[in-house]
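The values are calculated or read from the model by the stated rules, or taken from the named source; none is laboratory data. Please read all numbers here as calculations on a predicted model, not as lab measurements. So basically every Cβ, Gly included, is an ideal-geometry build from the backbone, and we count neighbours across all protein chains shown. Ligands, DNA and RNA are excluded from the accessible area calculation, which covers all protein heavy atoms including side chains. Shrake-Rupley method; radii C 1.70, N 1.55, O 1.52, S 1.80 Å.
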Amino acid sequence: MADLIGSLTDKVMIRRTALACLLAIGLSGPALGAPEKKEMPKEDVVDVPAIGEGLCVSNAFQTNMVVQRDKPVNIWGWADAGEEVTVSFAGQQAGAKAAADRSWQITLKPMPANSSPQAMTIKGKSKTLTLENVLIGDVWLLGGQSNMEFPISKVDDGMLEIVSANFPQVRLLTVPNGKGFGSVHSFERLHEWSNWSGRHFRKGDWDVCTPETVKEFSAIGYVFGRRLAMAAGVPIGLIDASIGGTTVEAWTPEDVLKKIDGQETRDMMKSWVDKIAAFDPKADLQKRIDSYNAAKEKGKAKGSVPTDLRPGPAGDKNRPGCRYASVIQPLTGLAIKGAVFHHGFNNCFGGSAGARMYYQVFGKMIAAWRQTFGDPALPFCIVSLCTAGEPQTWDNFLPPMYDVGPLIREAQYKTFLDLRSAGDKSVGFASSFDQRKSFYHPQIKVPVGERVAKWALVTQYELLTGRDADEFWLPPMIKEVKIADGKIRLTMSTAVKTRDESDKRLLGFAVAGEDRKFYPAVVEYYTDGKKDNRNRLQYQRDALVLSSPMVAEPVAYRYAWARNPMANITNGRQIPIATQRNDNWILEETPEKIATPDDWTEDRARKHAAGQLRKQMELIDTERRIKEAEAAIAELKPILEKAKADEEKKRADEEKKRAAEAKKAEAPKQQ
């Protein structure tokens, strides 16, 4: 099976030049920047292989790249076995002898930032490679799935960003999808074919940031990087390693996953082992042939009869460990400043068990990445799952709460809190749910990139300073919870307010009693009854009181608990409270567990429960709205009746006054 997968994975068209290594022309960059040829086939078209012939260097190192400052810098590549290789850069020189497998590696001593372009040479026995226009600064890795990958050209105000993207000190690299478990310590430079988009994308090349080169680059990543470059004044290298439609387990090393003790993770790993073992490539091919022939008889066949053996689940991009092996592992040992990871959508299809698995895996994934890049304290910023679907509203509040999305955000935030409470000063967090769009690729990316940049400018560059500098990025945290007298009081880490000062209502919390039925909470600032010198009640802006007329004895709260939540509470610098809760109720059992036949599959039972529980939630919401309407009527009716009575009295008084005035006016006439 491994040979089959390898042959299928390597089935790409390679355009080779007459030069032995190909890198002599490939490393300089401009040749790869030429427009795509219209006749390119609908498959990957490789310009420079991952490993060339003779003396060559990993494609992580090219003309136009940024080398990480203030850290030892590993440079690696390949040559003839036993060949002596010398690397010269920035006044340093280091040598190594190629091993039997042709590999070599050298390490340069840490260097300060330098925005002046320099050349790096790699000299072998009979060949010298020269990388031009190399800067020394900070290199940031961008990870995750399609919402990190989403290009600047498709976001709100994207064109404004593009025409302004003249940043010669910012360099861009998008890493290709790789070869799965067959990947090597490098990557191809190619025109990568996308079945989803129906076109090629140029990947694997370091580029100087210009309006032309930035168009298809990660929006969040670019905005983050250009802000750092403007503020810190050092060269910034951005490596986009994100891939759409991927899961957290795919980005985690397989050997790490096998050691995780969580039941949900063990179940997930076993399911993949079973799927791979059950797949029969020949039976799959025969099924496709039969399907083709049936379509041909009806005159609906497309293309030719299938002849290829597919790898099946073993070649799935979301096979556990596959994306790590394809994209991250080939960069092992690369010196970088830190990483930003925006992810979650494709882990929203496994119910609450899938969310528990996410929590078990995510922290281990972060640790593995840090180990890969040789820095156990590597700065790592978590950008939580973005919005999707119709916005939650007061009238449609409860059904949107039945969603795995908030559970994924909870897992991401809990991972952040776990690391931070353990003394990790390099982990960051940024919510994105407040940038509300119904599209699952919400186009409001610029503010998210700026938010992540604030984290870096406070914690890594110390350019946003002051006693309250953390307010620029750190979410307000719930420090204490007290439940008494039909209310829940939350003591916050900082003062909070509404995101929009034009509306004083604090929104986003829900409360429930032991019956697990949630209702939107009335949220007020806490007061102990004391008054100021003007006899006004004093309110504590860092303490919130939650209640609901529908919940006599609340025991649980949730905040921003929907895929596209109605939530507006932030600190003084517009950083929202993160998605969180104090209960541990299972999604599929809230407000109650739905009984299903024993012979149903887990997936069928989960979908049935989702349908039934959403209907219940619609009814609960409707009952609440009726009671709210009745309460509003009860409150407004006497006001209306009094207003009517006052109006009638006013009319009567005015009529009486007019009559008196008319009578008075007639009196002289009668004399």
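Got at least one residue in the range 391-398 being within 18 Å of the chain's Cα centre (by Cα) and at pLDDT 95 or above? Looking through the range 391-398, none of the residues is within 18 Å of the chain's Cα centre (by Cα) and at pLDDT 95 or above.
Among the residues making up the range 260-282, those that are in a helix (DSSP H, G or I), in contact with a helix residue (DSSP H, G or I) (Cβ under 6 Å, 6 or more places away or on another chain) and within 30 Å of residue 307 (Cα to Cα) are 275, 276. Of all the listed residues (438, 432), the sole one being among the small types (Gly, Ala, Ser), part of a loop (DSSP other than H, G, I, E, B), within 30 Å of residue 624 (Cα to Cα) and open to solvent by 30 Å² or more (accessible area, probe 1.4 Å) is 438. Pick from the range 121-148 the residues that are in a loop (DSSP other than H, G, I, E, B) and in contact with a helix residue (DSSP H, G or I) (Cβ under 9 Å, 6 or more places away or on another chain): which of them is farthest from residue 450 (Cα to Cα)? Ranking the qualifying residues of the range 121-148, first place goes to 127.
Of the strands (runs of 3 or more DSSP E) contained entirely in the range 165-232, those carrying at least 2 residues that are under 17 Å from residue 327 (Cβ atoms) and among the basic types (Lys, Arg) fall at 199-203.
Could you please find all residues in the range 478-535 being open to solvent by less than 20 Å² (accessible area, probe 1.4 Å) and of a type in the set (Gly, Ala, Ser)? If the condition is that a residue be open to solvent by less than 20 Å² (accessible area, probe 1.4 Å) and of a type in the set (Gly, Ala, Ser), then 508, 510, 512, 513, 521 are the ones that fit. Evaluating residue 158 against the criteria (1) touching a strand residue (DSSP E or B) at 6+ places or on another chain (Cβ under 6 Å); (2) open to solvent by less than 10 Å² (accessible area, probe 1.4 Å) leaves one unmet condition, (1). Which ones in the range 441-457 are in contact with a helix residue (DSSP H, G or I) (Cβ under 9 Å, 6 or more places away or on another chain), surrounded by fewer than 24 Cβ atoms within 10 Å (Cβ to Cβ) and part of a loop (DSSP other than H, G, I, E, B)? The answer is 441, 442, 443.
Taking residue 540, is it more than 24 Å from the chain's Cα centre (by Cα) and open to solvent by 20 Å² or more (accessible area, probe 1.4 Å)? Taking the combined requirement at face value, the residue satisfies it. Condition first: touching a residue at least 12 places away in the same chain (Cβ under 8 Å) and small (Gly, Ala, Ser). Can you find one or more residues in the range 165-175 that meet it? For the range 165-175, residues touching a residue at least 12 places away in the same chain (Cβ under 8 Å) and small (Gly, Ala, Ser): present. If only one of 81, 119 is loosely packed, with under 14 Cβ neighbours inside 10 Å and over 19 Å from residue 60 (Cα atoms), which one is it? From the options 81, 119, the qualifying one is 81. In the set (1) open to solvent by less than 50 Å² (accessible area, probe 1.4 Å); (2) at pLDDT 95 or above, the condition left unmet by residue 51 is number (1).
Yes/no per residue for (1) crowded, with 20+ Cβ neighbours inside 10 Å; (2) outside any helix (DSSP H, G or I):
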site: 307; (1), (2): no, yes
site: 319; (1), (2): yes, yes
site: 324; (1), (2): yes, no
site: 327; (1), (2): yes, no
site: 358; (1), (2): yes, no
site: 362; (1), (2): yes, no
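Pairs are defined by a Cβ separation below 6 Å, a sequence spacing of at least 6 or placement on different chains, a first member in the range 397-423 that is in contact (Cβ under 8 Å) with a residue 40 or more places away in the chain and open to solvent by less than 10 Å² (accessible area, probe 1.4 Å), and a second member that is β-branched (Val, Ile, Thr) and in a helix (DSSP H, G or I); the pairs so defined are 398/620.
Note on the range 457-495: among residues that are small (Gly, Ala, Ser) and touching an Asp or Glu at 6+ places or on another chain (Cβ under 9 Å), the one that is farthest from residue 231 (Cα to Cα) is 486.
The criterion of being of a type outside the set (Gly, Ala, Ser) and either free of Cβ contacts under 8 Å to residues at least 12 places away in the same chain or under 30 Å from residue 448 (Cβ atoms) (or both) does not hold for residue 118. When we screen 257, 285, 238 for residues that are part of a helix (DSSP H, G or I) and closer than 26 Å to residue 148 by Cβ, the only hit is 257. The single condition among (1) more than 30 Å from residue 402 (Cβ to Cβ); (2) open to solvent by less than 70 Å² (accessible area, probe 1.4 Å); (3) not basic (Lys, Arg) that residue 564 does not satisfy is (1).
For the range 505-555, residues that are free of Cβ contacts under 8 Å to residues at least 24 places away in the same chain, part of a strand (DSSP E or B) and of a type in the set (Asp, Glu) total 1. For the range 572-595, the criterion of being basic (Lys, Arg), open to solvent by less than 30 Å² (accessible area, probe 1.4 Å) and either farther than 22 Å from residue 621 by Cα or at pLDDT 95 or above (or both) is met by no residue. In a residue-by-residue description of the range 374-391, the property of being crowded, with 20+ Cβ neighbours inside 10 Å, assigned to a helix (DSSP H, G or I), in contact (Cβ under 8 Å) with a residue 24 or more places away in the chain and not charged (D, E, K, R) applies to no position.
Scanning the range 458-501 for residues that are of a type in the set (Ser, Thr, Tyr) and either in a loop (DSSP other than H, G, I, E, B) or farther than 15 Å from residue 525 by Cα (or both) turns up 459, 461, 465, 493, 494.
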